[in-house]
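Student: Below are the structure tokens for one structure; questions will follow.
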Amino acid sequence: MNYLISFFKQFGSFVSYPLIALVVSLFLTKICIRVLPLLGYVDEPGGRHIHKHATPRGGGIAIAAAFLCGMTFFLFDYISPDEKFLFLLYVVPAIPIIILGLFDDRLNLKSWLKLIVQIGVALLVCFFLRNREYSLFNWHLPFYIVWPCMIVWVIIIINAYNLIDGLDGLAAGVSVISSIGFIICFALLGQPSCSLVILAILVAACLGFLRYNFHPAKLFMGDTGSTFLGLMFAISGLLLIPHQVSLRGCLIPLLIIGVPLFDVALAIWRRSMRKVLNPDASGIMDGDKDHLHHRIYRKTHSQRLTALFIYILEAIFSVAAILLTLFRNSEPGFSYIVLLVAFLIVIRQFAMIELFTSARVIQNSFLKFEKNNYNNLIHPFSDFVMICLSVMIVSFLMFRTVFCFKLFICAMAPVFITMLLSQTYRICWMRSGLSNYFHLGCMILLGSLISVIIMFALWDRIMPGCKISTRNYAVFALLFTLLNMSFILSERFLLHYIENFWFGAVSLQNNTAPLVRVVVYGGGILCRIYVNYLYSSVLPEKNQEGIIGIIDDDKSLRGFALHGFKVLGSTNELEAVYRTHKFDKIVVTVHDVSVASHEKLLAFCKEKNIQLVKLNLVQIPYEKAVQSNV
């Protein structure tokens, strides 16, 4: 009976206090829609904003007030004296952040002033959590390490939710999903039931506001709501990190917060790379229109679909955190591998802008690297490291020893000297061909063979007391040669791949919305040359043209991908291709166009007013070329 009474009491707390917050949130949000415009809280369209009409902002005060109202009833009715610190932890730092948000939504405060207040709020959080002790690898972390980490965490999460609030219903909906994720993880980890009720109250407050904030929004939460929500989740994340700090313990709150953190990481990455490319570009703190919701909106052209898509993405992050919590005591290595693979997939799908900008930064570095001929200096050192690594691996596998000076010298010196004398270091590997790789492979093989012969002849002096059979030595020699070949050739190939293929591939995928949509006629070698030219990183970053597909009269190629683009059809299907993929220009890359295809292309382009050009590789006198450039 006592168990049932306790159960119904806890169940009632989960329902009654969130219900109070929900009713208050609905009521206050409706009042804010009428009152806030009279007080000057209006968000005008334009700039980075997606909305088309002036909309009241600052509605986050309804979320905060509903949350505080539910918390007050919960405090006086249920919270025990031992749990009151949780109430104070969530409520006291929230007061200054709410006041700051109200002033910011009305006056658009300077970023440095907001940062100062946020640091003060973070210090308040640190004060309430001053008795929590953390250790890393059984080393007790002193407060002068813990407090700065907490301050940085609070500021990042506050601003992450501020950045994600750029679409109708986005921040409120993501907050609901994050809160549910925290509730489940708190329950699985045996956190006090008080913390579960607090987050349930927050869910209800957000749902009441979301009723009027989902597209078409009648009210925006503004900085008042986004910074308040960010603070709530920053505190919840700190409570979720275990006293014995571990990678898994830190990953769980990171995954629950998920989308806002991912978006702020992309923003820092993107703006930093742009600053490196162009010192006159805007800084990290300046806004842009490349946030996660902006790029998804450019594809969907629907605020509702964009919000729902990000809700699903946030739910996936939260489910990953819950699964990590459930299996926290089993197979950590497997879970980390799964998370790493998932993270790489997400980066591949949603970070093409950042990858494209980073590719330009890397390529600029390569151009300087090649221009200054640094490769003649760096490659000998890299080869030295690769050969040493090969010796270490083979020595450990065969003899369970990592370092033997005589073995190192006899194994490394012949390979290194052979490559040095064979003019290998006079090759520019970012502009290399197959013959260069064949030459390098032969030199590695020759140097390794010399090393193997020398070591076999001097084995008793190199490794005294270590007898080895002929069979085992053959294995040793084979492993050493294969590792040398693999490491050195892979390092050269990576440079060649990045320079000649990776930049073009990233550029190709990044150019998703070109101003001039191009269809290429013919998928041969000229098509490949045109693709390389169009997506070359040497061209200006904002290229006006982009290929959407290929047409080719070879029917066997229909539906296949050539040079990274799908074959959409033949000249007999130009009308169908045009209806499905509107394009503005046809580039002919075929040497000899048949009479029938020639007439079809001319007639179609004249009817649709489409530009028709032919790609030719011609040689002209140098003087004429100079005069035309002038």
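Student: Note the full-extension length gain between I312 and V361 as 0.36 nm times their separation in residues minus their Cα-Cα distance, in nm to one decimal.
Tutor: Full-extension gain reported as 14.4 nm.
Student: What is the calculated FRET efficiency for F493 to S556, with r their C-beta to C-beta distance and R₀ = 25 Å, to the nearest 0.05? Intermediate results must be reported in sequence, preceding the final value.
Tutor: Working: r = 32 Å, r/R0 = 1.28.
After rounding to 0.05, the efficiency reads 0.20.
Student: Rank-order 610-621, 140-151 by packing density, defined as the average count of other C-beta atoms within 10 Å over each peptide's residues, highest first.
Tutor: 140-151, 610-621
Student: Further question: Can you tell me the FRET efficiency between L115 and L617 if r is taken as the Cβ-Cβ distance and R0 is 35 Å, rounded to the nearest 0.05?
Tutor: About 0.05, to the nearest 0.05.
Student: Once you have the Kirkwood Rh of region 16-350 from its Cα pairs, apply Stokes-Einstein at 25 °C and 0.890 mPa s and quote D in µm²/s.
Tutor: Rounded, D is 120 µm²/s.
Student: Next question, about the same structure. Based on the Cβ-Cβ distance of L602 and R579, what FRET efficiency does E = 1/(1 + (r/R0)^6) give at R0 = 22 Å, to the nearest 0.05?
Tutor: FRET efficiency, L602 to R579: 0.65.
Student: Working out 0.36 nm times the residue gap between H140 and L445, then minus their Cα-Cα distance, what length gain in nm do you get to one decimal?
Tutor: Result: 104.6 nm gained on full extension.
Student: Contact order normalised by length for region 384-444, with contacts defined as Cα pairs under 8 Å and 6 or more residues apart; what percent is it?
Tutor: 29
Student: Next question. Could you sort the peptides 437-445, 214-222 by per-residue average Cβ neighbour count (10 Å cutoff), highest mean leading?
Tutor: Peptide ranking by packing, descending: 214-222, 437-445.
Student: Can you bin region 575-630 into rounded, prolate or oblate? Criterion: square roots of the alpha carbon gyration tensor eigenvalues sorted a ≥ b ≥ c, rounded for a/c under 1.5, prolate for a/b above b/c, oblate for the rest.
Tutor: On the way: a/c = 3.24, a/b = 2.07, b/c = 1.56.
In terms of gyration-tensor shape, prolate.
Student: Another one. Report the full-extension gain for the segment S486 to K299: residue separation times 0.36 nm, less the Cα-Cα distance, to one decimal in nm.
Tutor: So the extension gain works out to 63.1 nm.
Student: Report relative contact order for region 16-350 in percent, whole number only (criteria: Cα-Cα under 8 Å, sequence separation at least 6). If you can, show how the numbers build up before the last one.
Tutor: On the way: 459 pairs, mean separation 82.4, N = 335.
Answer for region 16-350 is 25 percent.
Student: Then there's this: Given a cut-off of 32 Å, name the pairs among K555/K608; K114/K218; K582/K624 whose C-alpha atoms lie farther apart than that in the structure shown.
Tutor: Details: K555/K608 24 Å; K114/K218 26 Å; K582/K624 38 Å.
In this structure, K582/K624 exceed 32 Å between Cα atoms.
The numbers here are math on the coordinates, done by the rules we state, and not lab data. None of the values given here were measured: they were computed from a predicted structure. Heads up, the Cβs are rebuilt from the backbone with ideal geometry, glycines too, and the neighbour counts pull from every protein chain shown.
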